[in-house]
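Here is the structure we will look at, set down as structure tokens.
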Amino acid sequence: MTIAVKPLDGPLGAEISGLDVRKITEADSKALLEAFNQYHVLVVHGPTINDDELVEFGKCFGLIEKARKKSPLSHRDDIMVISNIRQDGELVGSLPDGEMSYHFDRIHQAQPCKGAALHGLEIPAEGGDTCFANMVRAYETLPEATKKRIEGLKALNTFTYGATKRDSKTDELGPHAIHPIVRRIPETGKKALYVCRLMTDSIVGMAEQESQELLTELCDHIENTGLIYQHKWKVGDIVVWDNRCTSHARTDFSDKERRLMKRVTIGDTIPPLQ
Ligand code: SIN
């Protein structure tokens, strides 16, 4: 049986059915990669799977990278645990609490990751949704004058460990990378906007005020013009996203509720293309 791919009712994403995530065939893997390139975000509903199975699922889209931090909740060093759960006062994972602003994973690296697959294991009753912005549409829907204005520009992207909002970042220049603010996706030849509220700090060679105003204009366009799919998690869901042409964010949730997610990070083979 082949898998079914049904576009979501929104500006990006598709739902996958007819897939046995515990036994992925070569044909499934090929169909998943095609759908990933076309829809940018794929949603698979249940069942919960173990860490080895999550890694096998992730491999349909590329090579799996190591997690930044190993967790006591996984025997593997390529599983990133994202959770607010504490054991003996110590966090078991990363990115524990509340809202997160729009970002691209690892955009502060010279070769950012191609994607990631996130698996929901414990979900709060309210909030903790993951939101995805279609950055191809974001580019395509810019006014022509803005497209001209940003042509060939590059931006500085920085990372402050643990910062989930722009104003919680430190001034100190930590890990950083300069990338084109419009990148081309090799498989489709399409252009995607490549800036985000959390990690893009400034436009290279532009005066500070002008750079901040332009970044704010671009981020407002990304976040407020109907380009978002908001995923409300159910236990067992897996969502995989193309980190080259989507940015993502998380809605707030109560610190009284547990949230436990496991992620695999899918590596890229080339840096962003202009
Ligand atoms: C992430 O940015 O990878 C985490 C998203 C989430 O916790 O929903």
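The values are calculated or read from the model by the stated rules, or taken from the named source; none is laboratory data. If you're wondering where the values come from, they're calculated on a predicted model, not measured in any experiment. With ideal geometry, Cβ positions are generated from the backbone for all residues, glycine too; neighbour counts draw on all protein chains shown. Quick note on the areas: whole protein, heavy atoms, side chains included, nothing else; ligands and nucleic acids left out. Shrake-Rupley method; radii C 1.70, N 1.55, O 1.52, S 1.80 Å.
Data for the structure
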| quantity | calculated |
| --- | --- |
| So Thr225, is it open to solvent by 10 Å² or more (accessible area, probe 1.4 Å) and either within 16 Å of the ligand (Cβ to nearest atom) or over 18 Å from the mean Cα position of the chain (by Cα) (or both) | yes |
| Only one of Ala35, Ala110 that is touching a Pro at 6+ places or on another chain (Cβ under 7 Å), aliphatic (A, V, I, L, M) and either open to solvent by 70 Å² or more (accessible area, probe 1.4 Å) or more than 17 Å from His248 (Cβ to Cβ) (or both) | Ala110 |
| Residues (touching a Cys at 6+ places or on another chain (Cβ under 9 Å) and open to solvent by less than 60 Å² (accessible area, probe 1.4 Å)) located in region 13-30 | Ile24, Asp28, Ser29 |
| Filter result for Glu210 (without any contact (Cβ under 8 Å) to a residue 40 or more places away in the chain and open to solvent by 10 Å² or more (accessible area, probe 1.4 Å)) | yes |
| Qualifying residue in region 194-202 (condition: basic (Lys, Arg) and assigned to a strand (DSSP E or B)) | no |
| Residue that is farthest from the ligand (Cβ to nearest atom) [pool: residues in region 48-97 that are among the basic types (Lys, Arg) and open to solvent by 70 Å² or more (accessible area, probe 1.4 Å)] | Lys59 |
| Residues satisfying the stated conditions in region 244-274, i.e. touching a strand residue (DSSP E or B) at 6+ places or on another chain (Cβ under 7 Å), modelled with pLDDT of 95 or more and more than 9 Å from the ligand (Cβ to nearest atom) | Arg244, Cys245, Thr246, Ser247, Arg258, Leu260, Lys262, Val264, Ile266, Gly267, Pro272, Leu273 |
| Within region 232-247, tally of residues that are farther than 22 Å from Gly152 by Cα and either crowded, with 24+ Cβ neighbours inside 10 Å or without any contact (Cβ under 8 Å) to a residue 24 or more places away in the chain (or both) | 4 |
